[in-house]
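The values are calculated or read from the model by the stated rules, or taken from the named source; none is laboratory data. All figures in this text were calculated on a predicted structure; none of them were measured in a lab. Cβ placement follows ideal geometry from the backbone for every residue including glycine, while neighbour counts extend to all protein chains displayed.
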Amino acid sequence: MAARPPLLQLNDISLTFGGDPVFADLSLVVQPGDRVALVGRNGSGKSTLLKVMAGLVEADSGARTVAPAASVGYMEQEPDMAGFATLGDFAGSALDPSEMYRVEMAGEGLKFDPARPVETASGGERRRAALAKLMAEAPELMLLDEPTNHLDIEAIAWLEQTLKDTRTAYVLISHDRAFLRELTRATLWIDRGMVRRQEKGFAHFEEWRDKVWEDEDQSRHKLNRKIKSEARWAVEGISARRKRNQGRVRALQDLRAERAGQIKRQGTAAMALDSGPKSGKKVIEADGISKAYGDKIILRDFSIKIQRGDRVALVGPNGVGKTTLLNMLMGLEPPDSGTVSLGTNLLPAIFDQARAQLDPDMSLWDSLTGDPDMRVSGKADQILVRGSPRHVVGYLKEFLFDEAQARAPVRSLSGGEKARLLLAKLMARESNLLVLDEPTNDLDIETLDLLQELLDDYDGTIILVSHDRDFLDRVAATTIAMEGDGRATAYAGGWSDYRAQRQQVPDYASGPAKSAASPKDSAAPKKAKTDALSFTEKHRLSELPDVMSRLEAEIAKLEILMSDPELFTREPVKFRKATEALTQRQSALAEAEEEWLALAEKAE
């Protein structure tokens, strides 16, 4: 069988914005079935590269080639929904009416309502509709730019499982380490205009990056030593042998030009946290608090004691009431019943998910100097940073902004740059209580690493709301899980610890919650027979027999292959891969059979 052609190929792509080259002589190939992580620092050009791949941005030179009859789909960050009445109309605009069930399935998994009018939809709902549109259209190549933003953990798990099951190729930008580790098998790394590729998933990226940088530092060190040696010779020996050694002088000039032409790596933001004076030992104590809005119960009889130095995370689906609980704990919203008491000497600093503390029409300069807590009397170009006066531009440079950006409006910043500006405002003041609402959105991996290190060393108390499972595991020591109907339970540890303790974790890919016991076990709890199957469950129940048949056929082929007694000694690598594949498919078959039994029982 002839090899399939690449789905997408870029050859010698060059692109310049505003006089600065973004890419030069860039070439890459995406093959059928590729699962690629696209990584790089904020501002390195990741989103721009996706748009070039999608054909939405035209390069200055080079060629973009798409395989005949292949379709490429791009998830729009800010979709244009003009002319569409509802989110469902937009999401299904490229589909035949008979295929609209795909939009309904995606809507159920991603938690957006296709009937929601476009004019009343939030930015997050619009993004989810754009993602549902792409998933429903199922192109041969999907280009996904931060698809987990505005998704809760349940929807992220659904998307993760859907992308695991698909045969479609995709290139994926995300800040969510757990998501990238689980899904990718190759990595594209944008670094100073160069795109490198490694045929390993994101789990191996940081080791690879550090090795590349180590080799680069060694080469630069050798070059510097050679320049120093040649420069010494030029001073001490050139006068006696001027004519004979002009070539060596020119070689020294070439070495210096080579060093000057090297692009310096972007450093990490010089972020720092000062926990300030200690708070009292008791920070927050909630006793039997409850909250409801009309018929919707947010919280019922919840108690917790947060002490100095605690790291507490709030998790749960979107709309379950995490922000309401956070506001009650901070004394910003009263409970319907129960009491909340705050400790003494608290200096809170709040990171707002909605970036409401940033005026889009203000410049970065005015955002800092206009803050009453940062203003220095009589000094228009200085701000107070943890009690000491600092020049505005100098402080902005510590957060990787250049001087030209200081007078630019906030609206011109990328999502990651807005997050860094908000962190700059937050970290300029002393605090002993950090309240972080989705702080990881849009931050690159290096800045996330630094933020996590700062939080580890922070002497104060942290209350965190996040859907980033890896970040929760790294930071949280207590996890409050809000599960709906007013239920909120505190668990020791981060996200993984919560899952292990809970003993009944929802399988969001297949719909109903699974018990730790098998549905075949008569002691396992069973759903009432009157429960109706959801649309997704019905579709899943109808497709599971085909899934099981396919797995059984693959298992039979692998068993025939491994029945060869000479395979292990003749081709050990093939034997190992076949063994791994057999184990994986046997496990998948057992899960599919269990899932089919559970759904069939529920449907009876």
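Selection of the stretch 546-575 for residues being more than 39 Å from the chain's Cα centre (by Cα) and either at pLDDT 80 or above or among the aliphatic types (A, V, I, L, M) (or both) yields Ile560, Leu561, Met562, Leu567.
The number of residues in the stretch 404-420 being exposed (fewer than 13 other Cβ atoms within 10 Å of the Cβ) and more than 26 Å from Val39 (Cα to Cα) comes to 1.
Scanning the stretch 364-406 for residues that are of a type in the set (A, V, I, L, M) and either in contact (Cβ under 8 Å) with a residue 12 or more places away in the chain or in contact with a Gly (Cβ under 9 Å, 6 or more places away or on another chain) (or both) returns Leu364, Leu368, Met374, Val376, Ile383, Leu384, Val385, Val392, Val393, Leu396, Leu400, Ala406.
Within the stretch 140-171, take every residue that is touching a Pro at 6+ places or on another chain (Cβ under 7 Å) and among the aliphatic types (A, V, I, L, M) and give me the one that is surrounded by the fewest Cβ atoms within 10 Å (Cβ to Cβ). Looking at residues that are touching a Pro at 6+ places or on another chain (Cβ under 7 Å) and among the aliphatic types (A, V, I, L, M), I get Ala169. Scanning the stretch 404-455 for residues that are more than 15 Å from Phe351 (Cβ to Cβ), among the basic types (Lys, Arg) and touching a Ser or Thr at 6+ places or on another chain (Cβ under 9 Å) yields one hit, Arg407.
Condition check: in a helix (DSSP H, G or I), hydroxyl-bearing (Ser, Thr, Tyr) and not assigned by TED's automatic domain parsing to the domain that holds Asp437. Does Thr162 satisfy that? Yes, satisfied.
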